[in-house]
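Everything below concerns the one structure shown next.
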Amino acid sequence: MAAHKVYATGIPRLFLAGLTSLGLLGSLAGLGLSSPLTAAQTKELTLYTARHYSSDDALYAAFTRQTGIKVNVISAGDQPLIERLKSEGPASPADVLLLADAARLWAAEQDGLFQAHGSNQLEKAIPADLRTQNWVGLTTRARVLIIDPKRVKTSEVLSYSDLAKPEMKGLICTRSGSHPYMLSLFGSMLVAEGSAKTEAWMRAVVANLARPPKGGDTDQIRAVASGECAVAISNSYYYARLMRSNKPADQEVVAKTKMVWPNQLKAGVHVNVSGGGIVKTAPNASHARTFLEFLAGQATQAAFAEGNNEWPVVKGIAANNPALEKLGGFKADPMPVAKFAAEQRRAQQLVDKTGWK
Ligand code: FE
């Protein structure tokens, strides 16, 4: 098994066997045994979430048992949820908004959709580089490289910069450069390297693409396995999901590919969050705060992240995920997520300019 490194930032970095998500859910259920609620006692909150995992539903149920607060879940994509909130205005029933990627959280913050969470508990539990006053990261993911080891050596793709080399011509697959996952990555480069270097890098990578950008991250991984390309950029959990899949087709994809942590000799791999905040017009703001604190709680964190093969934001949480264990430890870029998220407009301009459509 790969040795775990100790990381440079506050993201939980050691994954020790021990707690299973099932075990966690079991103990959460035990905490929350309470008598059935009558209508008059019903406390509730409305959650708008872009997360859609059945494991999340089990956690919401545990929250209700523990606090007596019922959770009305509205699931949709990130952008539709933001549009819905904007069109509903002050009449919105939404109390909590959960989104994937700091770029989207930042955009929602710019749109004035959040209020300050005002929670000491959240500030204590979650490292400062993974939150702002208005929203908090709740799980972390890394933007990694997936290679065909028969065509590309790990030593050839030690950093994102390597993707710009002439030897990579015709080998790279990515999703649209306009997607938030890409904009956040470009944003981190804008912060670290400046505009001119980032633009030159983007231009060179566009020239190296095996095909015009299309599909999601998993499509890029599959394209490496099928031989259409030899290097893909993807969020870590998509690869971990394939690793844990029972489907023979998925297992074949994993067998033909290898995941590489970029920038390990530099600042570290680009790390992003999924997270959320209290909606500006929340009818039940204090329940919303309690809910976010629950999601950031020691007992909930591992299971919450585990549901999507991510890492908890809270330090020292033990997780039991064979795929993540197998991928091993890594050095994470300590750049605050809000910092690169704030660069997304400049990043989009470079996408338009360089044709990474
Ligand atoms: Fe995703």
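The values are calculated or read from the model by the stated rules, or taken from the named source; none is laboratory data. Model, not experiment: these values are computed from the prediction. Reconstructed Cβ throughout: ideal geometry from the backbone, glycine too, with neighbour counts over all protein chains shown. Heavy atoms of the whole protein, side chains included, go into the accessibility calculation; ligands, DNA and RNA do not. Shrake-Rupley method; radii C 1.70, N 1.55, O 1.52, S 1.80 Å.
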**Item:** Number of positions in the range 89-106 that are more than 16 Å from the ligand (Cβ to nearest atom) and either open to solvent by less than 30 Å² (accessible area, probe 1.4 Å) or not in a loop (DSSP other than H, G, I, E, B) (or both)
**Value:** 9
**Asked** Among the numbered criteria (1) away from the ligand (no atom under 14 Å from the Cβ); (2) within 24 Å of Gly329 (Cα to Cα), which single criterion is violated by Ser195?
**Response** (2)
**Request:** Would you check which residues across the range 231-264 are open to solvent by 20 Å² or more (accessible area, probe 1.4 Å), within 13 Å of the ligand (Cβ to nearest atom) and either in contact (Cβ under 8 Å) with a residue 40 or more places away in the chain or farther than 15 Å from Gln220 by Cα (or both) and list them?
**Result:** Arg241
**Request:** Scan the range 282-300 and report the pairs whose first residue is over 21 Å from Ser55 (Cα atoms) and whose second residue is assigned to a helix (DSSP H, G or I) and open to solvent by 40 Å² or more (accessible area, probe 1.4 Å), with Cβ atoms within less than 8 Å and a gap of 6+ or a chain change.
**Result:** none
**Request:** Evaluate the range 345-355: report whether one residue or more is basic (Lys, Arg) and without any contact (Cβ under 8 Å) to a residue 40 or more places away in the chain.
**Result:** yes
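One line per residue, one yes/no per condition, for (1) in contact with a His (Cβ under 9 Å, 6 or more places away or on another chain); (2) assigned by TED's automatic domain parsing to the domain that holds Tyr60; (3) under 26 Å from His117 (Cβ atoms):
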| site | (1), (2), (3) |
| --- | --- |
| His287 | no, yes, yes |
| Gly297 | no, yes, yes |
| Thr300 | no, yes, yes |
| Ala305 | no, yes, yes |
| Asp333 | yes, no, yes |
| Val337 | no, no, yes |
| Ala342 | no, no, yes |
| Gln348 | no, no, no |
**Message:** Let me spell it out: the conditions are (1) within 24 Å of the chain's Cα centre (by Cα); (2) away from the ligand (no atom under 16 Å from the Cβ); (3) open to solvent by less than 30 Å² (accessible area, probe 1.4 Å), and Val152 meets all of them except one. Which number is the exception?
**Reply:** (1)
**Request:** Scan the range 69-84 for residues that are open to solvent by 10 Å² or more (accessible area, probe 1.4 Å) and away from the ligand (no atom under 16 Å from the Cβ) and jot them down.
**Result:** Lys70, Val71, Asn72, Val73, Ile74, Glu83, Arg84
**Message:** On the basis of being of a type outside the set (D, E, K, R), within 16 Å of the ligand (Cβ to nearest atom), surrounded by 19 or more Cβ atoms within 10 Å (Cβ to Cβ) and farther than 14 Å from Cys229 by Cβ, does Met189 make the cut?
**Reply:** no
**Complete:** Going through the range 215-230 in order, the residues found to be within 16 Å of the ligand (Cβ to nearest atom) and on the phi < 0 side of the Ramachandran plot are Gly216, Asp217, Thr218, Asp219, Gln220, Ile221, Arg222
**Fill in**
The condition from (1) at negative phi; (2) assigned by TED's automatic domain parsing to the domain that holds Gly77 that Asp101 misses is numbered (1)
